[in-house]
Structures are given as C-alpha cells and as structure tokens.
1. Say we look at segment 91-103 and pick out the residues that are in a loop (DSSP other than H, G, I, E, B) and touching a strand residue (DSSP E or B) at 6+ places or on another chain (Cβ under 7 Å); which of these is surrounded by the most Cβ atoms within 10 Å (Cβ to Cβ)?
2. With (1) free of Cβ contacts under 8 Å to residues at least 24 places away in the same chain; (2) over 14 Å from residue 91 (Cβ atoms); (3) surrounded by 13 or more Cβ atoms within 10 Å (Cβ to Cβ); (4) within 20 Å of the chain's Cα centre (by Cα) as the list, and residue 11 as the residue in question, which single condition is left unmet?
3. Can you name the residue in segment 14-27 that is assigned to a helix (DSSP H, G or I) and modelled with pLDDT of 95 or more and, of all such residues, is nearest to residue 95 (Cα to Cα)?
4. Of all residues in segment 75-90 being assigned to a strand (DSSP E or B) and without any contact (Cβ under 8 Å) to a residue 12 or more places away in the chain, which is nearest to residue 109 (Cα to Cα)?
5. What residue, of 101, 46, 79, 108, is under 18 Å from the mean Cα position of the chain (by Cα) and farther than 30 Å from residue 144 by Cβ?
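The values are calculated or read from the model by the stated rules, or taken from the named source; none is laboratory data. All of these numbers come straight from a predicted model, not from anything done at the bench. Ideal geometry is used to build each Cβ from the backbone, glycine not excepted, and the neighbour counts take in all protein chains shown.
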C-alpha cells in the first residue's frame, strides 16, 4: 500500500516538474521513474537498463535513460552518488539513509531508518530540507581485521 502511495506521489511530482519545465511527458520517462522506484538501494545505469528490458519488457535507449535520470535528479526524485570511481544512483523520495564507505576495499553499506532529519532541521534555521544522504567514511571490519593481521605479521618479522 505504501509503495503505491509513493509511486503516485513521485509520478505527480515528476508530472509537475515536466510541465513547469516544458518537457514532454513520455511513457519512457514514466517507465524509467517507476522502474527506479521498484528498486531497492543503489543502482548503476546498466542495472536500470536490464530491469527495464528483462522485467518491465520496456526497451529504451541508453541516451533516454541518461536524459531522464538528469530530469529526475533535477526534480529531486533521484540522487547521484559518486563512490570513488563508481557512479551510482538511488531514489531519494522518502528514502533517507546513510552510506558507510570503506576507504580500503570500497564496500558500501547502507544504514536505513537513521533519523537525523530532526537534528538537521533543528540546527539549520530557514532551510527547507527536501532529502538527505549521509556519507560515512572509514574502514570496514573485514579490512580492519586484515590490517591488524598484516601489522602483527610485520611486527613478528621485524622482532625476530
């Protein structure tokens, strides 16, 4: 039920954005929007193209996808993430979360239901928050353990 309400809302927001900016309201653009909002988490363009073609049985060009993604970003319905050298996208309406990024291996872990919105709005006056994405950089547990093992081996070698 919540998913249907979200889809209705994002379709309405997108329609208003397209009208205000005198852009065409094509079935391809709405198919892309709806496919994105059926996905969970981050995605790359190739993932979206596969979803549209295989599951939705909707064929669109790569250029149409990129152009539509740009419109969706401008309409505050999609967010672009740059994780190192990797470009990923994600729906952002009603999808506030944090991303923990390991600076060693590049692993990205999402933290859902993190409520920093109240804290942000309490501390920033005269600012209308539409959405947020938080990036937390550090070393994941697996890499941290590997680093510790490496340091232990090195200290044993130098201590001999």
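1. In the first step, residues of segment 91-103 are kept if they are in a loop (DSSP other than H, G, I, E, B); the result is 92-96, 103.
Imposing the further condition that a residue be touching a strand residue (DSSP E or B) at 6+ places or on another chain (Cβ under 7 Å) reduces the set to 92, 103.
Details: 92: 21, 103: 12.
It comes out as 92.
2. Here residue 11 meets the rest and fails (2).
3. From segment 14-27, those assigned to a helix (DSSP H, G or I) are 14-20, 27; that's our starting set.
Retained after the next criterion (residues that are modelled with pLDDT of 95 or more): 14-20.
Details: 14: 16, 15: 20, 16: 20, 17: 19, 18: 22, 19: 25, 20: 24 Å.
Residue satisfying both the conditions and the ranking: 14.
4. First, pick out the residues of segment 75-90 that are assigned to a strand (DSSP E or B): 78-83, 86-90.
Next cut, without any contact (Cβ under 8 Å) to a residue 12 or more places away in the chain only: 80, 82.
Working: 80: 16, 82: 14 Å.
Across segment 75-90, the extreme among qualifying residues is 82.
5. Values: 101 fails: farther than 30 Å from residue 144 by Cβ; 79 fails: farther than 30 Å from residue 144 by Cβ; 108 fails: farther than 30 Å from residue 144 by Cβ.
Only one candidate passes the filter, namely 46.
Here is a yes/no grid of residues against (1) closer than 22 Å to residue 8 by Cβ; (2) at pLDDT 90 or above:
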residue	(1), (2)
46	no, yes
69	yes, yes
84	no, no
98	no, no
108	no, no
132	no, no
